[in-house]
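The structure under discussion appears below in the form of structure tokens.
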Amino acid sequence: PDYSKAEAGVAIADSPTGPFKYLDGFRPNGTMSRDQTVFVDDDGTAYQFSSSEENQTMHINRLTEDYTKPDGKYVRRFVGMAREAPAVFMGEWTVLGDPCTGPDAEKTFYGQSTFVIPVQGKKNAFIACFDMWKKKDLQDSRYIWLPMMIDKQTNKITIPWHAEWNLDVFKKK
């Protein structure tokens, strides 16, 4: 029932705000697809990252040129490491530890990472997005947007909790 489908869904639109046309739902390359994100590389190649194999392994599925389905090539990463909700944004994929700090950081602020956006004009500054999925009240599911910084010398990522913030948090101190 509730968790067994484990499929990816594809909808398209001429505008980011819709209207959307649902194309299909499927298991990419015949495997489970949960807690997913899409990453487009510098060369325009798109990849769908998803938690698979009962959430024990991350699958990276290369997509077709129109980004609507897997092209049949994929790799398994973080095998047996129970990774969910990937946020892909740079460099080699590696485990860097928990970047969250502050109240409820050990619970990822009661959310799951979904994606990371670079802050225009700010080096090593990003905004991390987490979705707060409420299974019994989907309409009240929300997003958390938090500042994220990377120390390029140590590769340390920090995502501190802020109940309220603005882009001034990225100013050099």
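Here are a few things to note about the model shown:
- Leu63 meets each of the listed conditions (1) more than 15 Å from the chain's Cα centre (by Cα); (2) open to solvent by less than 30 Å² (accessible area, probe 1.4 Å); (3) without any contact (Cβ under 8 Å) to a residue 24 or more places away in the chain apart from (3).
- Qualifying residue in segment 73-87 (condition: among the aromatic types (Phe, Trp, Tyr), assigned to a loop (DSSP other than H, G, I, E, B) and either under 18 Å from Thr108 (Cβ atoms) or modelled with pLDDT of 95 or more (or both)): yes
- Among the candidates Thr45, Thr37, Thr57, Thr64, residue that is among the β-branched types (Val, Ile, Thr) and touching a Pro at 6+ places or on another chain (Cβ under 6 Å): Thr37
- Checked against (1) of a type in the set (Val, Ile, Thr); (2) farther than 22 Å from Asn29 by Cα; (3) open to solvent by less than 80 Å² (accessible area, probe 1.4 Å), Val88 passes all but condition (2).
- Residue within segment 128-145 that is open to solvent by 40 Å² or more (accessible area, probe 1.4 Å), farther than 24 Å from Asp35 by Cα and over 15 Å from the mean Cα position of the chain (by Cα) present: no
- Among the residues of segment 143-173, the one identified as of a type in the set (Ser, Thr, Tyr) and touching a Gly at 6+ places or on another chain (Cβ under 9 Å) is Tyr143.
Residue by residue, here is whether (1) over 24 Å from Phe130 (Cα atoms); (2) hydrophobic (A, V, I, L, M, F, W, C) holds:
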| site | (1), (2) |
| --- | --- |
| Thr17 | no, no |
| Arg34 | no, no |
| Asp43 | yes, no |
| Gln48 | no, no |
| Met58 | no, yes |
| Arg62 | no, no |
| Lys69 | yes, no |
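- Failed criterion for Lys172 (all others in (1) open to solvent by 40 Å² or more (accessible area, probe 1.4 Å); (2) at pLDDT 85 or above hold): (2)
- Restricting segment 1-30 to residues that are among the hydroxyl-bearing types (Ser, Thr, Tyr), open to solvent by 60 Å² or more (accessible area, probe 1.4 Å) and assigned to a loop (DSSP other than H, G, I, E, B) leaves a set whose member that is modelled with the lowest pLDDT is Tyr3.
- In segment 146-169, the residues that are among the charged types (D, E, K, R) and open to solvent by 80 Å² or more (accessible area, probe 1.4 Å): Lys152, Lys156, Glu164, Asp168
- The number of residues in segment 31-52 being of a type outside the set (S, T, N, Q) and either crowded, with 16+ Cβ neighbours inside 10 Å or part of a strand (DSSP E or B) (or both) comes to 9.
- Hey, Thr108 within 25 Å of Phe26 (Cβ to Cβ) and crowded, with 16+ Cβ neighbours inside 10 Å or not: no
The values are calculated or read from the model by the stated rules, or taken from the named source; none is laboratory data. Small disclaimer: the values here were computed from a predicted structure and weren't measured. Because the Cβ atoms are built from the backbone with ideal geometry, glycine has one as well, and the counts that use them run over all protein chains shown. Quick note on the areas: whole protein, heavy atoms, side chains included, nothing else; ligands and nucleic acids left out. Shrake-Rupley method; radii C 1.70, N 1.55, O 1.52, S 1.80 Å.
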